[in-house]
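Here the structure comes first, spelled out in structure tokens, and everything after it is commentary.
Taken together, the values in this text are just the output of simple stated rules run on the coordinates, not laboratory data. For clarity, every value in this text was computed on a predicted model and none was experimentally measured. Cβ placement follows ideal geometry from the backbone for every residue including glycine, while neighbour counts extend to all protein chains displayed.
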Amino acid sequence: MLRGLYTAASGMIAQQRKHDIVTNNIANLNTPGFKSGNGINRSFPEILISRVRGGKDEPGSVPVGRINTGVMAEENVSLHTQGDIQETKNPFDFALISDIQVPGARFDSSGKYVDQNGQRVIQPQAFFTILNAAGEQRYSLNGKFSLDANGRLIDSEGHSVLGRGGQPIVLMDAGTPVTNFRMTRAGQFTNAEGQPILDANGQPMTLLITRVEDPNQLVREGNGLYRLNAQDQGAFRPIDAQDQIEVRQGYVERSNVDSGQSMVDMMSALRAYEANQKMIQYYDKSMEKAANEIGRV
């Protein structure tokens, strides 16, 4: 009886986490560059149960079969499909259009390919490169940028946007922030005449766009930022000319959350939670009878 109680309780915990993931998706429906999360559940390892001395002619134990011991919310996997591109006409808004291909792979709509040997390949994705307050590189798809008083290009949280040389982008001309600029499809800054804007080293100023080989390895940090764990640090590099990447100025990438599907998932998690709750109430009443009525006999 207690095994069934624990199984129902684990189901409630798993559905609660799924519900939290879906509500977070809905809350970020209008967040630029947000990628929807998908809760993945898995069962606990099965165990083999046996009947101990089931009869006088059955010495020892007799195998009965396998039983599952519950479910757990294993991970929150992001869906890195391209969101819709929305025009804002703000020169400091940027959207990344990424369609990076891998030789021999034909990716489906979810960005996944499985070859004949069952080997799974995830489509690489491109990200803006951000420098957080601790001086660490982070990755983002929220291209709503602005200039501070010192001419630094910053994101909505005040973090510096990095250029191709790994340094923060500073748009200054004779002590005055540069606001009249253009952005090429390759992410290079130009003036109104189409001439490249140079950085402090005399090099054309270009956004540092990072190619992440497996976006599922990214860890959410909040505020639209992602990071890679130390063991995954070799799984990224700056984009090159062969990567199919386009930067659009005056646009932002909308969230890829499907509001209709999110509502269905939320109601499904709620109904499954209620079903497990009913089972716990059933077990509670059964144990109450065993303790208060059968125990008196």
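What is the extension gain from residue 217 to residue 27, computed as 0.36 nm multiplied by their sequence separation minus the C-alpha to C-alpha distance, in nm to one decimal?
So the extension gain works out to 66.1 nm.
Short version: ³J(HN,Hα) in whole Hz for each residue of region 220-230, in order, from phi by Karplus 6.51 cos²θ - 1.76 cosθ + 1.60 (θ = phi - 60°), x for Gly and Pro, what are they?
Ordered by residue, 3J(HN,Hα) equals 5, 10, x, 6, x, 9, 10, 9, 10, 5, 4 Hz.
With charges only on Cβ, +1 for K and R and -1 for D and E, what is the dipole size of region 85-253 about its Cα centre, in debye, rounded to 20?
80
Connecting C-alpha atoms closer than 10 Å in a GNM of the chain, tell me which of 287, 279, 183 has the biggest fluctuation.
Highest fluctuation among the options: 287.
Measure out, as a whole number of angstrom, how far apart the alpha-carbon centroids of region 214-262 and region 147-202 sit.
Distance between centres, Cα-based: 21 Å.
Go ahead and run the numbers for FRET between residue 66 and residue 87, Cβ-Cβ distance against an R0 of 51 Å, rounding to 0.05.
So, using R0 = 51 Å, E works out to roughly 0.35.
Using Cβ counts within 10 Å as a stand-in for footprinting exposure, how do 44, 128, 107 rank, fewest first?
44, 107, 128
Taking the Cα centre as origin and putting +1 on Lys and Arg beta-carbons and -1 on Asp and Glu beta-carbons, what dipole magnitude results for the chain, to the nearest 20 debye?
In debye, rounded to 20, the chain gives about 1040.
What trypsin sites (Lys or Arg not before Pro) does region 1-53 have in DSSP loop regions with at most 12 other beta carbons within 10 Å?
Of the trypsin sites (Lys or Arg not before Pro), the ones in loops of region 1-53 whose Cβ has at most 12 other Cβ atoms within 10 Å are 53.
Suppose the chain between residue 74 and residue 40 were pulled fully straight at 0.36 nm per residue; how much longer would it get relative to their current alpha carbon spacing?
Contour length minus Cα-Cα distance gives 11.7 nm.
Which ³J(HN,Hα) values in Hz, rounded to whole numbers, follow from the phi angles of region 32-37 under the Karplus curve 6.51 cos²θ - 1.76 cosθ + 1.60, where θ = phi - 60° and Gly and Pro get x?
Going residue by residue, I get x, x, 6, 10, 5, x Hz, with x marking Gly and Pro.
Around residue 143, which amide H atoms from residues at least 5 apart in sequence, or from another chain, sit under 5 Å from its own amide H, with H modelled in the peptide plane?
Here the answer is 94, 253, since their amide H atoms fall under 5 Å of that of residue 143.
Where is the GNM fluctuation largest for the chain (alpha-carbon springs, 10 angstrom cutoff): 255, 146, 50?
Of 255, 146, 50, the Gaussian network model singles out 50 as fluctuating most.
Below 28 Å, Cα to Cα, which lysines can residue 35 reach? Residues fewer than 8 away in the same chain don't count.
By straight Cα distance, residue 35 reaches 18, 89, 112, 144.
222 nm [θ] for the chain, helices only, -39500 (n - 2.57) per DSSP H run of 4+, per residue, to 500?
Estimated from H runs of four or more residues: -7500 deg cm²/dmol.
Using modelled amide H (1.01 Å from N, peptide plane; none on Pro or chain starts), what sits under 5 Å from the amide H of residue 74, excluding residues fewer than 5 places away?
40, 41, 42
Give a residue-ordered list of calculated ³J(HN,Hα) values for region 248-254 (Karplus: 6.51 cos²θ - 1.76 cosθ + 1.60, θ = phi - 60°; whole Hz; x for Gly, Pro).
Result, rounded to whole Hz: 10, 8, x, 9, 9, 8, 6.
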